[in-house]
């Protein structure tokens with residue numbers, strides 16, 4: 001996988017289609033394949049080293065993920081972005097993540113606490129690098145942001161809920177990479193609040209911090225005019 005954003009368990013023996021799917025998906029999430037960009041099969045064949053038939057299969061799979069739009073006889077394009085879609089995705093993320101937080105905070109043990117602390121430590125280091133303007137940091141920053149939020153909900157006890165959240169988070173992640181921007185201490189403080197809430201098992205306060213975190217990021221992007 002070429003992208004560094006979302007990290008899932010590695011497969012022991014991936015097919016060419018699986019590997020290429022993961023690469024193209026990562027490039028869409030990172031914004032390297034820009035929203036609304038036409039996906040020409042000949043260029044994709046050169047860039048990713050897969051056959052046209054394999055690429056068609058992959059693009060149809062990505063269309064099912066709603067990351068690609070099939071245009072009938074015209075081919076494929078990366079799904080566009082919009083203010084309305086961002087708001088819809090953010091609302092769904094809050095719904096799923098808050099439910100998972102409530103479940104995790106009830107069931108979490110010492111190992112769960114350790115996962116949160118470790119994930120937050122890594123995220124903090126990259127937030128510091130972002131604040132310092134270190135180049136080429138954004139993808140790793142968002143990778144560790146993903147890992148932190150995943151750690152928060154990891155004790156929820158529902159693989160289905162975690163999978164549903166992951167799919168929505170990926171779509172939100174694409175907006176973070178293409179439209180949203182780092183809010184500095186505000187974002188860092190919200191993450192710290194969520195850690196403190198986890199340690200004292202205060203799910204209501206954690207969800208309040210999460211809501212401010214997500215809605216604040218959207219408001220920041222809209223104020224900067226990055227979405228129309």
State whether one or more residues within the stretch 97-120 are farther than 23 Å from residue 162 by Cα, assigned to a helix (DSSP H, G or I) and touching a residue at least 12 places away in the same chain (Cβ under 8 Å). no
Within the stretch 197-205, can one find any residue that is assigned to a helix (DSSP H, G or I), surrounded by 15 or more Cβ atoms within 10 Å (Cβ to Cβ) and out of contact with any helix residue (DSSP H, G or I) (no Cβ under 8 Å at 6 or more places or on another chain)? no
What single numbered condition from (1) touching a residue at least 24 places away in the same chain (Cβ under 8 Å); (2) assigned by TED's automatic domain parsing to the domain that holds residue 25; (3) more than 19 Å from the chain's Cα centre (by Cα) fails to hold for residue 67? (3)
State whether the residues of the stretch 79-89 include one that is crowded, with 16+ Cβ neighbours inside 10 Å and in contact with a strand residue (DSSP E or B) (Cβ under 9 Å, 6 or more places away or on another chain). yes
Confirm whether residue 125 is outside the structural domain of residue 33 (by TED's automatic domain parsing), over 18 Å from the mean Cα position of the chain (by Cα), in a helix (DSSP H, G or I) and more than 15 Å from residue 191 (Cβ to Cβ). no
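The values are calculated or read from the model by the stated rules, or taken from the named source; none is laboratory data. Bear in mind the structure is a predicted one, so any value in this text is a computation, not a measurement. Please note: Cβ atoms are built from the backbone with ideal geometry, for glycine as well, and neighbour counts cover all protein chains shown.
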